[in-house]
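Since the structure comes first, as structure tokens, the remarks are kept for the end.
The values are calculated or read from the model by the stated rules, or taken from the named source; none is laboratory data. Just so you know, these numbers come straight off a predicted model, no measurement behind them. Cβ coordinates were reconstructed from backbone atoms using ideal geometry, including for glycine residues, and neighbour counts include every protein chain displayed.
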Amino acid sequence: MIEGILIGLTTALTLQNILMVMVGCFFGTIIGMLPGLGPMTAIALMIPITYGFDPATGLILMAGVYYGAVFGGSTSSILLNAPGVPGTVATSFDGYPMAQQGKAGKALAIAAWSSFAGGTLSAIYLLFMAPSLSKVSLSFRSPDYFALMILGLTAIAAFSSKGQFLKAMMMVVLGLMLASVGQDSLSDITRFTFDNMNLTDGISFVLVVMATFAMSEALTIILKRNDPTSAAKQVSLTELGSIKINKEERTKMYKTIPRSSVIGFLIGVLPGAGATIASFLAYGMERNVVSDEEKEKFGKGSVNGLSAPETANNAACSGSFVPMLTLGIPGSGTTAVMLGALLGFGVQPGPRLYMTNPEIFWSIIMSMYIGMVILLILNLPLIPYIARILAVPKNYLIPLILFFSVTGIYVMSFNNFDIYLMIGIAVVATFLRLYDFPMPPLILAFVLGGLMEENLRRSLLLSNGSWEFLWDRTLTSCILATTILIVLWHIYKTFSKKN
Amino acid sequence: MNINTTKIISLLFFIFSAFYLYTAYQIQVFAFDENAPFNARTFPIYLGYAGLFFSGLKLILPDPNTIKVDHENLEYKKTGILILIAIIYGATILKVGYFLTTSLFLFASYYFLGERRWILMFLLSFPFVAAFMYLLHGILDIYLRDPFLQSIGVMG
């Protein structure tokens, strides 16, 4: 492991890669601040730029964007009570009241330090957990992978759908259907191309991500007359107050951070759960463990109430890398985008990544830590200036998002058809978003579609067409049982709500 | 059964799944693969049935969380114009070239979204695209096809 850490450090500490982490953190912070534009959009917009880099550098840039976006989301939560990303909703519960009391600078500093500590601790957990998990996952066979993908898709549908499980499952199926367009990987038979040569290679992953996130996000903002920057114009972003944290506040944070980081990391590891659930759970748990006197302060500007979700959401980000790096199965929509980018680089994540491309595996883990340090150095002194970016008018923001989306497709294919297809998918996605059809399950399904078919093919061929492979191995049965439990839990929750 | 837009979307998805399933059955596989436990049409067929199942359930089951969209407050005109500009941008980018079409696309989008600060609009279109092109083409070595710049001798 020491050797791996050194490989990772050597790769991550090159001038180019440090620069990439800095650019990623800065760009991610800006995008994450704008309500509605989360880490997925930020990473999707970065994909065209990563074409010019090697896989490790490209991924380091994306990891920086991811952390930056989560941190940026906290800034708008605290200053404007408008969370940039769902994972920072819980941050606004105590961060915004603190800002209203004239302690915005302090709230941002607590958020920055908590994010740093949460991210650092979870990078350490990841450092120890990922290699052992990689070794365990080498024993996984095709039926286990197939079952695991079913679990991942069901979990993301259950957790990301805000009570709209069936809608999320429809999006999963739509994502798998889109992935099935083009040549069959084994027989080279074309499917669903309708004799259009442009579809023979299938629909590009970048196209689907740009269309369903970046472009449809921009169209939704215009359609709904939302101005993500309007709230910024109503608050004074220069009067943030002191960013110093006193001893009493530090003592509170010392207790909160370790427990919230463990919750965040473990929730992040679960497929589909992610930063949102982690931050809410950490907030809830923190409220239960603090003294009655401190409990009274929750919702009114509590240090514990702000530190807990901030620690947990950053820890969950690192946790979500575990299934992606060790099993090749993304745990969240954001890591699904990163997985798609990795596949685009010709790198196959999974247990063997640890052995075949140790420089990628370790440099991502190392760059997470470096990213945390850079976020802290970059964001603490720059908070008042970065916050002003919130006031960029949407008249400029929207065309720039559309421009980045079209450029991404243009440099990839030099093909008009792909641009029309992207616009078409974006229009459909915008309409579906209006009626609360979630997009992350679609992306996860699209990324997993090919792998899922491959593993099902192998399993069915090995079992001579029998579906017994689903319960032949204990591991497969356990994974499927977990899937069934998630579905049953969801049905129970839906009916208990109705009653 | 209460008919709302979500149900209509589910119905459309049901029809789409039925069409997908029909097309999946039409996929031509090799003769020796016809009776294999798994061939090119197996997975799409399962997907077609899954689509019918979930959209069918959504159609039949009551919808307690009905989403109401206030269509009168939606900005259809600006969104439509923006989509149209994007389509024109897509149609001309290959023939005219990246620099000119992208700059004009940005300029037109700012204008239609209500911006009237001409100098800022200009700076955030033509020079901005030139700088971005330099980043992609000059520094990152990502090829950008541009017949217009090639014709005036700016690009090799």
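Data table
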| item | result |
| --- | --- |
| When residues of the range B:97-106 are limited to those that are more than 9 Å from chain A (Cβ to nearest Cβ) and at pLDDT 90 or above, the one surrounded by the most Cβ atoms within 10 Å (Cβ to Cβ) | B:101 |
| Residue A:126 vs. criteria modelled with pLDDT under 85, aliphatic (A, V, I, L, M) and farther than 29 Å from residue B:15 by Cβ | yes |
| Residue within the range A:129-144 that is aromatic (Phe, Trp, Tyr) and either assigned to a helix (DSSP H, G or I) or modelled with pLDDT of 90 or more (or both) present | no |
| Residue within the range A:23-30 that is of a type in the set (Ser, Thr, Tyr) and either surrounded by fewer than 24 Cβ atoms within 10 Å (Cβ to Cβ) or free of Cβ contacts under 8 Å to residues at least 40 places away in the same chain (or both) present | no |
| Those residues of the range A:273-325 which are over 30 Å from residue A:352 (Cα atoms) and of a type in the set (Gly, Ala, Ser), in sequence order | A:279, A:282, A:284, A:291, A:299, A:301, A:302, A:305, A:307, A:308 |
| Among residues of the range B:39-92, those that are basic (Lys, Arg) and more than 9 Å from every other protein chain (Cβ to nearest Cβ), counted | 2 |
| Neighbours by Cβ (under 6 Å, 6+ apart or cross-chain): first from the range A:181-195, more than 9 Å from every other protein chain (Cβ to nearest Cβ); second at pLDDT below 90 and assigned to a loop (DSSP other than H, G, I, E, B) | A:182/A:201 |
| Test: residue A:177 is at pLDDT 85 or above, assigned to a helix (DSSP H, G or I) and within 8 Å of chain B (Cβ to nearest Cβ) | yes |
| Some residue of the range A:339-346 being surrounded by fewer than 20 Cβ atoms within 10 Å (Cβ to Cβ), of a type outside the set (Val, Ile, Thr) and on the phi > 0 side of the Ramachandran plot | yes |
| Every residue from the range B:113-125 that is crowded, with 17+ Cβ neighbours inside 10 Å and either assigned to a helix (DSSP H, G or I) or in contact with a strand residue (DSSP E or B) (Cβ under 7 Å, 6 or more places away or on another chain) (or both) | B:121 |
| The range B:21-38, subset among the aromatic types (Phe, Trp, Tyr) and surrounded by fewer than 17 Cβ atoms within 10 Å (Cβ to Cβ), residue nearest to the other protein chains (Cβ to nearest Cβ) | B:30 |
| Verdict on residue B:9 being part of a helix (DSSP H, G or I), at the interface with chain A (Cβ under 7 Å from one of its Cβ atoms) and closer than 19 Å to residue A:173 by Cβ | yes |
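For (1) touching a strand residue (DSSP E or B) at 6+ places or on another chain (Cβ under 9 Å); (2) within 17 Å of residue B:48 (Cβ to Cβ), each residue gets a yes or a no:
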| residue | (1), (2) |
| --- | --- |
| A:170 | no, yes |
| A:174 | no, yes |
| A:178 | no, yes |
| A:181 | yes, yes |
| A:188 | no, no |
| A:199 | yes, no |
